[in-house]
Amino acid sequence: MTARHHRRSLAQLATWVVIAAMALVAIAGGVWLILRPPPGGTLRIGYRIQPPFYFASEGKRPDGIAVDVLSTAARRLGVDVRWTRIEGTSWEALRSRAIDLWPTSPIAANIPGIAVTEPWLESTFFVISRAGALENQRDLSGKRVALTEVAYAEEMFAAALRGAVRITKKSSEQSLQAVCSGEADAAFIEGRQVQGMLLDRPAGCEGVALTFRQNPAAVLVYGIGSTPDGARAADALRAEISRMGDDGTLAAIHSRWSLATASETRLVYALQQARQRTRWSLYGIGAMTVAFLLSLWQIQRNRAARRLAEHVSKTMADYARQQERYRLLFERNMAGVVRATLDGKILDCNQAFARMLGYESREELLAVPAWQLYAEPSDRKAILDRLQEEGAISNYENHVRRRDGTSGWLLESVMMIDQGPGQPVILESTTIDITAQRRLEEQYRQAQKLESIGRLAGGVAHDFNNLLTAINGYAELVLTDLPDDSEFRGPLEEIRKAGQRAASLTQQLLAFSRKQLLQPVVLNLNAIVADAEKLLKRLIGEDIEFLAQLDPAIGSVRADQGQMHQVVMNLAVNARDAMPEGGRLTFETANSDLVAADARDDPDAITGPCVRLSVRDTGHGMDPETRRRVFEPFFTTKGIGKGTGLGLSTVYGIVKQSGGQIVLRTAPGQGTTFDIYLPRVEDTDSR
């Protein structure tokens with residue numbers, strides 16, 4: 001009986017050993033099938049001359065961003081590759097088995113018989129036209145637009161440029177040549193190819209001034225294209241590219257092939273490094289806090305167990321001292337620490353957390369329900385749902401509302417703690433204030449955006465103004481010599497009026513780009529408002545009440561008198577349009593002394609003695625998206641034909657060129673206030 005049982009046990013053991021060996025062989029075989037190269041032991045990857053994806057020179061290996069990324073991924077996997085140059089299309093080369101992989105296959109192409117991995121690269125289409133040839137690059141309805149004869153480009157064209165007349169070309173180079181030759185009004189070209197053509201312009205485009213505009217509605221994503229036999233190798237390379245993104249290798253390659261300037265690259269990198277350092281600081285502080293609490297808890301437990309039988313009162317005294325030590329650590333921690341229940345009651349927090357939210361003391365904050373600290377109350381429910389599933393959340397960026405109503409951002413690590421039967425589940429969170437970093441990032445993006453728009457607007461306005469000078473001049477000359485009863489006088493009058501309106505628009509563009517010639521004088525803002533009061537009352541209509549609260553003791557400023565009239569009129573028109581059912585428009589002046597704390601939201605803000613001009617309406621206010629774009633040229637919330645979108649951008653340019661700053665205060669349903677600050681000067685013969 002024992003021998004038979006022993007033999008049965010040995011047989012079962014042998015069976016399990018065989019099953020385990022078969023499983024290991026299956027796993028190893030699966031890994032080999034996924035990572036194996038095609039027959040011959042070397043992956044053949046195709047390329048052709050297409051900067052910046054691929055470059056090649058006589059006698060040298062290919063180079064470019066696609067070559068760099070795929071070669072690095074293959075080297076990390078230990079796979080041999082051979083780069084094969086092709087002359088036809090990538091699809092034909094894959095179908096004919098001339099190559100195994102093509103690194104930059106558009107996912108939108110959907111070519112039968114060709115497999116494409118998940119995307120690893122994306123690119124936005126550009127609209128390119130001759131400088132000054134189009135009045136509005138955004139509206140190309142009826143314009144001739146050239147594009148490459150591929151299905152995905154035509155789909156992007158149909159979605160992004162409705163109403164444009166399509167001119168199909170064999171390549172992106174031919175599309176750009178059509179613009180340079182005048183055959184097409186514009187070209188619709190994928191962004192990475194635009195980068196290549198900036199480095200090496202095609203024949204016929206040398207010396208031709210071009211305008212480039214990015215079209216965010218047309219984004220093309222690329223994966224790795226392959227034959228069915230090469231699909232596993234393509235997926236393995238794509239997975240390795242993801243790992244390269246995690247460890248920073250992919251970012252380094254993109255930076256190496258970027259067209260950005262060195263200063264821009266350094267600034268973006270510095271912001272990323274600051275964010276990373278903040279995260280690691282949070283990891284360290286959180287780990288140290290948890291480790292200390294666990295150690296302290298264990299020490300207290302052991303001490304209580306050893307000394308309880310000896311002396312209860314002594315043990316309780318020791319416990320009280322340890323609690324005091326914990327409280328000191330809790331209170332003196334530079335990171336914010338808070339404990340709360342699931343229903344929103346804040347049990348405890350340290351002074352650092354109270355200061356982050358603008359409260360004078362922790363006692364004041366403990367009386368506030370937790371949901372009231374969120375910018376959107378629904379955000380807390382979303383966090384609780386995640387905690388119910390995961391138990392803890394690390395490095396969560398939480399949008400909070402401070403005591404004074406302003407918003408801020410906290411980087412949090414939150415865990416759910418079960419205190420046992422009959423005890424409430426609590427949430428414990430460690431936080432760091434990252435509001436300043438988020439504000440810096442947003443300021444940088446907005447400053448770069450307005451600077452780019454201003455540079456473009458100034459260049460276009462100067463060129464266009466030169467053309468208008470000739471048009472208006474010749475129109476005046478012809479009208480001077482033309483008889484009053486001539487049948488051509490009416491059309492020529494319309495030409496002159498249109499030219500004058502266009503000249504006015506260019507002046508507004510020059511004002512925004514801060515390239516307008518000003519004639520500053522010492523003046524008093526009260527006089528500006530008083531001079532414009534009668535005209536303003538007629539302008540805003542009888543349904544709107546006009547109030548002027550002018551401080552007679554304000555100082556003088558140095559500015560262009562005509563431009564300040566323009567600022568007053570533009571702000572009044574904007575306020576009138578915000579109150580279609582009537583309301584109140586208030587102009588207010590006062591002296592003001594700006595300090596550095598007042599400039600925390602604007603890196604270009606002024607400080608020192610100033611004069612403030614406030615224009616306040618009781619209209620419908622602005623939502624965050626409108627507020628973010630309000631000073632952009634041609635941005636308007638009015639209907640088609642009801643506004644140029646240059647009113648507030650002109651105000652912005654005039655104020656900035658005059659050495660001042662403009663601050664916007666608004667919220668939906670609460671009206672809008674524009675505060676203009678101009679440096680105060682000595683009051684000598686002010687006008």
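Observations
- Label-point gap, in nm, between Tyr474 and Val595 - each point 7 angstrom along Cα→Cβ: 6.2
- Full-extension gain in nm, His565 to Glu545, via 0.36 nm per residue minus C-alpha separation: 5.2 nm
- At an R0 of 60 angstrom, the distance between the Cβ atoms of Thr124 and Lys345 translates into a FRET efficiency of 0.80.
- Here the simple spin-label model places points 7 Å from the Cα toward Cβ, and for Gln670 and Ala252 these points are separated by 4.9 nm.
- Label reach from Asn110 (point 7 Å along Cα→C-beta): in segment 222-236, amide nitrogens under 19 Å belong to 222-226.
- Candidate residues Phe292, Phe353: accessible-area rank, largest first, probe 1.4 Å: Phe292, Phe353
- For segment 333-439, the spread of Cα positions along each principal axis, largest first, Å: 41, 26, 26
- Principal semi-axes of the equivalent ellipsoid, √(5λ) from the alpha carbon gyration tensor of segment 175-254, are 35, 16, 12 Å from largest down.
- With DNA, RNA and ligands ignored, accessible area of Asp139 (1.4 Å probe; Å², nearest 10): 90
- Viscosity 1.002 mPa s, temperature 20 °C, Stokes-Einstein D of segment 521-588 from Kirkwood C-alpha radius, µm²/s: 171
- Label-to-label distance, Ala203 versus Arg303, with points set 7 angstrom from Cα along the beta-carbon direction: 8.9 nm.
- Per the Debye calculation on segment 92-132 with a single equal scatterer at every Cα and no solvent contribution, log₁₀ I(q)/I(0) for q = 0.16, 0.24 Å⁻¹ amounts to -0.56, -0.90.
- Plainly put, segment 549-596 has a radius of gyration that is 1.05 times its Kirkwood radius, both from alpha-carbon atoms, as the Rg/Rh ratio.
- Area accessible to solvent at Ile107, 1.4 Å probe radius, in Å²: 60
The values are calculated or read from the model by the stated rules, or taken from the named source; none is laboratory data. On a predicted model such as this, the values are computed, not experimentally measured, just so you know. In this analysis, Cβ positions are derived from the backbone assuming ideal geometry, glycine residues included, and neighbour counts consider all displayed protein chains. In case anyone asks, the SASA skips ligands and DNA or RNA and just uses the protein heavy atoms, side chains included. Shrake-Rupley method; radii C 1.70, N 1.55, O 1.52, S 1.80 Å.
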